[in-house]
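To start, the structure itself, in C-alpha cells.
The values are calculated or read from the model by the stated rules, or taken from the named source; none is laboratory data. Remember, predicted model here, so these are calculated numbers, not experimental data. Methodologically, a virtual Cβ is constructed for each residue, glycine included, from the backbone with ideal geometry; neighbour enumeration extends over all protein chains shown.
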Amino acid sequence: MYFCSRRASASAVIAIGSFVSLIAPALSQPIEIVVTPNYVPTALGRVGSSVSVISAEEIERQPTESVAQLLRTVPGLTVTQSGGVGSQTLVSIRGTESQHTLVLIDGVRVNDPSTTRDEFDFSVLNTTDIERIEVLRGPQSALYGSDAIGGVINIITRKPGGPPRMSASIEGGSYGTRRVNLSGGTTAGDFSLLTTGTYFATDGFSRVGDRDKGEPDSTEKFSGSIRGAFDPGNGVKFEFGGNGYHQDSEIDGGPDLDASGYEAKRDLFSGFAKVSFPTFGGRASDSINFFMANTDREYIDPTRTYDYVGRTIGVEYQKLVNLGNAGSLLGGTRFENQTATGMQSDMADPTFETSLVLYAGYLLYQLPVGERLDLSFAGRYDGAVDQEGFTTGRATAHYALPEIGAAIRGSIGTGAKRPTAFQLGYNPDLQSETSIGGDLGIEKSLFDGRFMISATGFWNQIDDMIDWDFTLPPWGNYSNIAEVETSGVEIGATAMIVPGVLNARGTYTYLDARDMATGLQLGRRAQNSGSFSLVYTGLNKLEASVTATYVGPRFDDDANTVKLDPYARIDLSANYRLSDTTTIYGRVENLLDTDYQDAEGYNSAGLSAYAGLKWSN
C-alpha cells in the first residue's frame, strides 16, 4: 500500500539522522574548498548543504571519456543513457526530473532553452582538462534560480597559471574507438593562458536491436577550450574562458527501429569574461561577469532535417562584504536574455521562435557561531518581462563535534522552475513549478580517521509540475497538473584498509520517487542503487582500481507497465608511470559483459577494453 505524506517523509528524515547518530560517531574531513554551495570558496567541512566532489585525481584514475560515467558513482544521481556513446544522456538528482538539474561549466549555465524541458544532454561532454566536478544536492533556486529544484552539477575546468606546461595523450580500444588530446599553458608576467583540444571517434555498436550484429552507429567528437587570466597583484583580476564541443552521431529511428539515415549533430559553446576588484578598502570584493551559452541541435531523418538553437547571454554583478565576527554578506544581480528557435527543412517559417528577458536579485548571509556552528541564509527573486516571477529561499546549518570526530548538517529550501520557451509556445498561461525540500545528515570518522561514513536523509515535494493534459481542447495542451514527492537515504563511506596500499569507497542510495496523483513510481528511478571501488597503490609507479556499480529494478515508464531488470557492472583501470613525464594506462569496462539498458530498447556497451599513453612535462 502506498503512503508518503509530507509529514511522514519529513519525520523519516529526522528519524534517519537520529538513528545514524547513534550507530556511527563523526567524519573528520580534510580541508577541501568548494565553490558551488555558496557561490564563493568555502571549506567543505563548514557547508550545511549536501555536496559530493569528483576530484582531478579520481578522473585521472578512471580515464574514461564520459562525464556521465563518473557521475554514476555519486549518491543520489540517476544517469539515463539511450544507446551508448553519443546518444542522449540525462542526469537527475534525488528522483527529480532531468530538467530540474542545473548544469554549469565554469559557472556558466548550459541547460538548453530550445529543448522541450530545458534540460542538458551530457553526451556532448568529455573529461578533458576537468579539474573537478561538484554536485550540490537539494533545492538550490535561492542562489541559482530556475532549473535547480533537484540540485546543481558544476563542471570546473583547469585554471591557467604556473610554469609553461604541455601534455598529449593517445588512446584506442574496442568498437573502433580512438582519442587524441593536446593541451598547453604558459605564464608571461601577469598574464597566463591554457588551451586544450580533443578528438574522439568510435565506430560504435547498434543502439537498438542486436547490439553486435545490427548496423553499428558511430560517433565523432571535437572539443576545445581556452582559459586566460590577467592578475597584476593589486586585487584586480581579469579572467576569461570558453569551451566548445561538436558531436556528430549516427542514431536509429527509435527503440524499435534499427535503420540507417538517421543522424544527430550537437554543438555547444559556453564562455565568460569576468573582472574582480576590491572595494571599501579591501573589506569587500566586487565582480562583474559577462557570460553566454549557445546550443545547436540538428536531427536528420530520411525525409527532413530539424534544427533547434538555444542561446543565453547576460551579465551578473556580485559584491561580497566581510563583516568580521558577524560573518559575510553576498549580494548579486543578474540580467539575461534567453532565445529558442526551431526550424524544419520542409517548412519556410520557424516551428517556434521565442525570447525571454530575465532578471534576478539575491542575498546570501553566512554566519559562523563560535568554532562549531556555521549557518547560512539565502533568498532570491527571479523575474521575467511579461511574466510572473518567483521568490525562493534556503537555510543551512553545519555543527561540528570534534571531540567525537563527527558533524551534523542540514538544509531546507524552496525551488522553482519557469516554463520553457517551447512549453510557452503551446500555453502562454503556464505557471512556474515550485518545490520545497530538505535534508539532514551526519558524518563520522572511526579508527583514528581510517574509516569515514556519512548518511543523509532527504525529502522533496514538487507542485504545479508541467505535463501534457489530454483533457484540454482540442487535442491536449501543457498544463500545471502534476505533483511529485521524492524521499530517501544517501550513504557514503571511505576506508583505508591498508594505509598507502589499499583504499575502499562505497555509496548507497535508497530512493522513493512517486507521482502523488497515481501513487506510482516515477520511471527510470531505481529504489536501490550503489557503487563500490577498491584502489591499489602498493607497487611503485602503479595504481589500479576496480569499481562495481549496481542499479536495482525500476520501471521504464511512469505508468509502471514496462519493467527494467537490475544490473551490476564492473570496471577495471590501471595507470603505470614509465617515467616522470610518461604514463601508460588501460581500462576494461563491463568486465562481466552484462547486458543492461538504462532505457527500454536502447543497448549499452558490452565487454570492452581501452589503452592509452599520456605525456606531460
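For this structure, a couple of remarks:
- Of the residues examined, Lys221 is one that is among the basic types (Lys, Arg), modelled with pLDDT of 95 or more, closer than 30 Å to Ser82 by Cα and crowded, with 17+ Cβ neighbours inside 10 Å.
- Leading residue by the ranking (surrounded by the fewest Cβ atoms within 10 Å (Cβ to Cβ)) among those in segment 385-404 that are modelled with pLDDT under 95 and in a strand (DSSP E or B): Glu388
- Qualifying residue in segment 112-123 (condition: surrounded by fewer than 20 Cβ atoms within 10 Å (Cβ to Cβ) and either in a strand (DSSP E or B) or at pLDDT below 95 (or both)): yes
- Residue check, Leu367 modelled with pLDDT of 95 or more, hydrophobic (A, V, I, L, M, F, W, C) and surrounded by fewer than 17 Cβ atoms within 10 Å (Cβ to Cβ): yes
- In the set Arg587, Arg577, only one residue is modelled with pLDDT of 95 or more and closer than 25 Å to Thr80 by Cα; that residue is Arg587.
- Given (1) of a type outside the set (D, E, K, R); (2) farther than 30 Å from Val236 by Cα; (3) at pLDDT 95 or above, number of the condition Thr351 does not satisfy: (3)
- Of all the residues in segment 506-528, those that are closer than 16 Å to Thr547 by Cα and either surrounded by fewer than 17 Cβ atoms within 10 Å (Cβ to Cβ) or free of Cβ contacts under 8 Å to residues at least 60 places away in the same chain (or both) number 1.
- Segment 428-474 - residue that is closer than 22 Å to Thr96 by Cβ and of a type in the set (S, T, N, Q) and, of those, farthest from the chain's Cα centre (by Cα): Gln431
- Within segment 437-458, the set of residues being among the acidic types (Asp, Glu), over 16 Å from Gly76 (Cα atoms) and either touching a residue at least 24 places away in the same chain (Cβ under 8 Å) or in a strand (DSSP E or B) (or both) comprises just one member, Glu443.
- Filtered by the rule that a residue be buried (at least 16 other Cβ atoms within 10 Å of the Cβ) and free of Cβ contacts under 8 Å to residues at least 60 places away in the same chain, segment 268-283 gives Phe269, Ala273, Lys274, Ser276.
- Lone qualifier among Asn540, Asn603 - being out of contact with any strand residue (DSSP E or B) (no Cβ under 6 Å at 6 or more places or on another chain) and closer than 29 Å to Met166 by Cα: Asn540
- Residue list for segment 331-374, filter: of a type in the set (Gly, Ala, Ser) and in a loop (DSSP other than H, G, I, E, B): Ser345, Ala348, Gly370
- Each residue in segment 466-481 was checked for being of a type in the set (A, V, I, L, M, F, W, C) and over 23 Å from Ser146 (Cα atoms), and 3 pass.
Conditions tested, residue by residue: (1) charged (D, E, K, R); (2) within 25 Å of Gly342 (Cβ to Cβ); (3) in contact with a Gly (Cβ under 9 Å, 6 or more places away or on another chain).
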site	(1), (2), (3)
Lys213	yes, no, no
Ala229	no, no, yes
Lys237	yes, no, no
Asp252	yes, yes, yes
Pro255	no, yes, yes
Ala284	no, no, no
Ala293	no, yes, yes
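Here is a yes/no grid of residues against (1) crowded, with 18+ Cβ neighbours inside 10 Å; (2) in contact (Cβ under 8 Å) with a residue 12 or more places away in the chain:
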{"site": "Ser328", "(1), (2)": "yes, yes"}
{"site": "Gly331", "(1), (2)": "no, yes"}
{"site": "Gln344", "(1), (2)": "no, yes"}
{"site": "Met347", "(1), (2)": "no, no"}
{"site": "Gly361", "(1), (2)": "no, yes"}
{"site": "Leu375", "(1), (2)": "no, yes"}
{"site": "Gly383", "(1), (2)": "no, yes"}
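- The set of residues in segment 559-588 being part of a loop (DSSP other than H, G, I, E, B) and under 14 Å from Thr549 (Cβ atoms) consists of Pro566 alone.
- Looking only at residues of segment 532-583 that are of a type outside the set (Ser, Thr, Tyr) and farther than 30 Å from Thr78 by Cα, we find that the one that is surrounded by the most Cβ atoms within 10 Å (Cβ to Cβ) is Arg577.
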